[in-house]
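Here's the structure we're looking at; comments come further down.
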Ligand SMILES: [Zn+2]
């Protein structure tokens, strides 16, 4: 039984890794934070139509769906692995990358508090180091914190050891910044630009890291108005029905759009899932440049 199960897992893993490798792509440009995203999933909503969604349309009443219990704050989902992240229809996970940033992150936290929902913040080591009090504030207010490398580099362009060192450096810096918060760093990670390699993803997953993918990209790094960002994100969510939403807590338009966006989620009957690590030893760095496992070939 055990052997058969392992064989099944091995086959599954092999096919998964092939898919992961096929989906590995370079970002479109340096300024496009997740330029590779389009290559990883097909978005049925065209940008042009999404842009047509106006603030006025957002104000229109949309019938509540039956999938919600009527509460915007949703369940807490404990995950030990990436594959544990299974959402039901109508459930979303809010993620904020690249912070913390003074003047932006506190406003995001206030809005999340106002709606009683929790988010996951994938912090840059450099940003956490520059704003340790802010990083601690995010933790103290009950949100989950993961890492996103130290300096937001495209890991697919580095050699393996350099890439792992960058990930470890980011983790360590965020953990250091959180030192006084009473809550450590969750073993959650997101690839900058979503630029991964099969080797890096495999290494992360085998090191008990939870790699956070993106289902719905708000594209809040585009120079659009807050209402355009909200409309685009809602359109994509409606097309998909659930998913992990990518925002960045470093943009004013994200600060500006969040209250209306959350109000609309509530009106449409969605719920926000609180993603937390399961049985994890907080604060440890499971990926190190010197880990013998990282030298295995793939
Ligand atoms: Zn990023």
Quiz prompt | Residue, farthest from the ligand (Cβ to nearest atom), within region 119-130, restricted to residues that are touching a helix residue (DSSP H, G or I) at 6+ places or on another chain (Cβ under 8 Å) and not in a helix (DSSP H, G or I) | solution = 119
Practice problem: Quick one: residue 179 ticks every box in (1) within 13 Å of the ligand (Cβ to nearest atom); (2) surrounded by fewer than 20 Cβ atoms within 10 Å (Cβ to Cβ) except a single one, so which number is it? | Solution: (1)
Quiz item: Since residue 229 meets every condition but one in (1) within 13 Å of the ligand (Cβ to nearest atom); (2) out of contact with any strand residue (DSSP E or B) (no Cβ under 8 Å at 6 or more places or on another chain); (3) under 22 Å from residue 92 (Cα atoms), which condition does it not meet?
Solution: (1)
Practice problem: State whether the residues of region 131-152 include one that is within 16 Å of the ligand (Cβ to nearest atom), over 24 Å from residue 93 (Cβ atoms), more than 14 Å from the chain's Cα centre (by Cα) and not in a loop (DSSP other than H, G, I, E, B). | Solution: no
Exercise. Just need a number here: residues in region 234-265 that are without any contact (Cβ under 8 Å) to a residue 60 or more places away in the chain, crowded, with 24+ Cβ neighbours inside 10 Å and over 23 Å from residue 276 (Cβ atoms).
Key: 1
Quiz item: Would it be correct to say that residue 208 is out of contact with any strand residue (DSSP E or B) (no Cβ under 7 Å at 6 or more places or on another chain) and on the phi > 0 side of the Ramachandran plot?
Solution: yes
Quiz item: So is residue 109 away from the ligand (no atom under 16 Å from the Cβ), in a loop (DSSP other than H, G, I, E, B) and either out of contact with any strand residue (DSSP E or B) (no Cβ under 6 Å at 6 or more places or on another chain) or over 28 Å from residue 131 (Cα atoms) (or both) or not?
Solution: no
Self-check item: Residues of region 182-200 satisfying the condition of being away from the ligand (no atom under 16 Å from the Cβ), within 27 Å of residue 158 (Cβ to Cβ) and more than 15 Å from the chain's Cα centre (by Cα)
Solution: 184, 197, 198, 199
Exercise. Check off (1) modelled with pLDDT under 95; (2) surrounded by 19 or more Cβ atoms within 10 Å (Cβ to Cβ) for residue 208 and give me the number that stays unchecked.
Key: (2)
Quiz prompt | Meets criteria (in a helix (DSSP H, G or I), in contact (Cβ under 8 Å) with a residue 24 or more places away in the chain and over 21 Å from residue 206 (Cβ atoms)) for residue 92 | solution = no
Quiz item: Among 179, 231, which is the only one that is in contact (Cβ under 8 Å) with a residue 40 or more places away in the chain and assigned to a loop (DSSP other than H, G, I, E, B)?
Solution: 179
Self-check item: Single residue of region 269-298 satisfying the filter (at pLDDT 95 or above and touching a helix residue (DSSP H, G or I) at 6+ places or on another chain (Cβ under 9 Å)) that is nearest to residue 163 (Cα to Cα)
Solution: 272
Quiz item: Any residue at all in region 212-226 that is buried (at least 20 other Cβ atoms within 10 Å of the Cβ), touching a residue at least 12 places away in the same chain (Cβ under 8 Å), farther than 30 Å from residue 165 by Cβ and away from the ligand (no atom under 16 Å from the Cβ)?
Solution: yes
Practice problem: Considering every residue within region 247-262, establish whether at least one is over 24 Å from residue 115 (Cβ atoms) and away from the ligand (no atom under 16 Å from the Cβ). | Solution: no
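The values are calculated or read from the model by the stated rules, or taken from the named source; none is laboratory data. Note that this is a predicted model, so its numbers are computed, not measured. Here Cβ is always computed from backbone atoms with ideal geometry, including for glycine, and neighbour counts include all displayed protein chains.
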